[in-house]
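Everything on this sheet refers to the single structure shown next.
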Amino acid sequence: MQIPRKAAVAAAAFLALAGVLTTSGTAAAQPSWSSDAFNSVTAESHADWMSGLPSGASLASLSLPGTHDTLAIHGGLFAAYYEAQENHGDSAGTLDAQLTAGIRAIDIRVRVIGGAFTIHHTDIYQNANFDDVLIHARSFLSAHPTETILLKLHGECDADTTEGGSGSASIGHCADDPSNTTQADRTRIFNGYVSRYPDLFYAPTVTGSSTAAMPTVGQVRGRIVLTDFTGPRGQVYGGYGLTQLTTGNYGQYVENDWTQCNIDTKWGEARANMVNANGNSGALYTTYLSANCGPFGSTPADVAGSINQRALDYLNSGATQHVGMVFTDFPGHSLVGALIRQQSGQLAGSGAANQR
């Protein structure tokens, strides 16, 4: 159920009166239960599953397991509304666990501080920096050169004065340092990372001046593919990412109703996008199974505990052959495995997904 406007306003007033501003993860609210579809991502290892794909396969023809807010493992006073993934360690140790489990699409949210990117979920620092992400990604891809990682990069801080904010952080809103950070600042910082990690990114997606056509698996093995780079208000930063996901009517390929916590409605939206993906092997669709209705409604874990099972049952029904990128909160090992098997018949060998 979605929160009525009056309740949301009352909640905001309460939080303001509470006067609590948390800047790093000091509390935990990890789910207390798990299932094949939920909160059990490391129960199977799929570290080399893309080795079974033909090099000529388009990324648009694949199903790619992803995590929404990939490193959101810490929360503040209201931790359950901040945490979206299993905690397998700070400094991007959680990313290692996800990649080994078969996750290939990641969602990284950054705050600018001191000319560098730190990882945040709104106002909560996630005990990791962008260097951690790139170091762990590089190490994984070096050890597993048949794989690729698709990266969604998002500037998280909407409290900046340049984004229409007050310039100060509050619960649910971070501010960059400085709080008048601009798009030019973020792209300049990102370009510095690209330079310091040569050959890590698929070059056509990080030129800063043009976007990339949809690549094949062979073109991106051993590389990070930047799918898109967006600002705090969702603005697309031109010159980065994949053309299909950043230009024209790109929204037609995306389902991300992130405040929809009615499970029947949310699942209906997600399933419809998967059906559309299955019918169009020339476009890479993006489906988010995640939602958050804080501070009084459903938490990410509440939603994932229900919708992940529906997605698993649907994928196992045989209704689709490929569904694009699917971003989840607290994915279970069987949900990841079901997505891996959805490759339009292109995945060779049953050994591509090995259970522990």
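Just checking, which of ASN256, ASN278 is more than 18 Å from ILE108 (Cα to Cα) and of a type outside the set (Val, Ile, Thr)? Even if it seems obvious, please write down each step before you answer.
Values: ASN256 fails: more than 18 Å from ILE108 (Cα to Cα).
Going through ASN256, ASN278 in turn, just one is more than 18 Å from ILE108 (Cα to Cα) and of a type outside the set (Val, Ile, Thr): ASN278.
Looking at GLY165 and the list (1) farther than 29 Å from PRO295 by Cβ; (2) buried (at least 18 other Cβ atoms within 10 Å of the Cβ), which single condition is not satisfied?
With respect to (1) farther than 29 Å from PRO295 by Cβ; (2) buried (at least 18 other Cβ atoms within 10 Å of the Cβ), GLY165 is out only on (1).
Could you go through segment 176-192 and let me know if any residue there is closer than 27 Å to ASP123 by Cβ and in a strand (DSSP E or B).
Yes.
Conditions (1) crowded, with 24+ Cβ neighbours inside 10 Å; (2) under 17 Å from the mean Cα position of the chain (by Cα); (3) hydrophobic (A, V, I, L, M, F, W, C), marked per residue:
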{"residue": "GLY238", "(1), (2), (3)": "no, no, no"}
{"residue": "TRP267", "(1), (2), (3)": "no, no, yes"}
{"residue": "GLN321", "(1), (2), (3)": "no, no, no"}
{"residue": "PRO331", "(1), (2), (3)": "yes, yes, no"}
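Could you list all residues from segment 176-197 that are out of contact with any strand residue (DSSP E or B) (no Cβ under 8 Å at 6 or more places or on another chain) and either of a type in the set (Val, Ile, Thr) or buried (at least 18 other Cβ atoms within 10 Å of the Cβ) (or both)?
Passing the criteria: SER179, THR182.
Within segment 82-91, identify whether any single residue is assigned to a helix (DSSP H, G or I), touching an Asp or Glu at 6+ places or on another chain (Cβ under 9 Å) and in contact (Cβ under 8 Å) with a residue 12 or more places away in the chain, and answer yes or no. Before you say what the answer is, go through the steps one by one.
Within segment 82-91, the subset assigned to a helix (DSSP H, G or I) is none.
Scanning segment 82-91 turns up no residue that is assigned to a helix (DSSP H, G or I), touching an Asp or Glu at 6+ places or on another chain (Cβ under 9 Å) and in contact (Cβ under 8 Å) with a residue 12 or more places away in the chain.
Might you let me know whether segment 43-58 holds any residue that is at pLDDT 95 or above, of a type in the set (Ser, Thr, Tyr) and assigned to a loop (DSSP other than H, G, I, E, B)?
Yes, that holds for at least one residue.
Exactly one of these conditions fails for ALA28: (1) in contact with a Leu (Cβ under 9 Å, 6 or more places away or on another chain); (2) at pLDDT below 95. Give me its number.
The one condition ALA28 does not meet is (1).
Out of curiosity, is SER91 of a type in the set (S, T, N, Q), under 18 Å from the mean Cα position of the chain (by Cα) and surrounded by 24 or more Cβ atoms within 10 Å (Cβ to Cβ)?
no
Would you mind telling me which numbered condition in (1) closer than 24 Å to HIS121 by Cα; (2) hydroxyl-bearing (Ser, Thr, Tyr); (3) assigned to a loop (DSSP other than H, G, I, E, B) THR227 fails?
Evaluating THR227 over (1) closer than 24 Å to HIS121 by Cα; (2) hydroxyl-bearing (Ser, Thr, Tyr); (3) assigned to a loop (DSSP other than H, G, I, E, B) leaves (3) as the failure.
Output the number of residues of segment 308-319 satisfying the condition of being over 15 Å from SER34 (Cβ atoms) and either within 19 Å of the chain's Cα centre (by Cα) or among the small types (Gly, Ala, Ser) (or both).
Selection size over segment 308-319: 4.
The values are calculated or read from the model by the stated rules, or taken from the named source; none is laboratory data. This one's a predicted model, so the numbers in the text were calculated from it and none came from an experiment. Glycine gets a Cβ as well: all are built from the backbone with ideal geometry, and neighbour counts include every protein chain shown.
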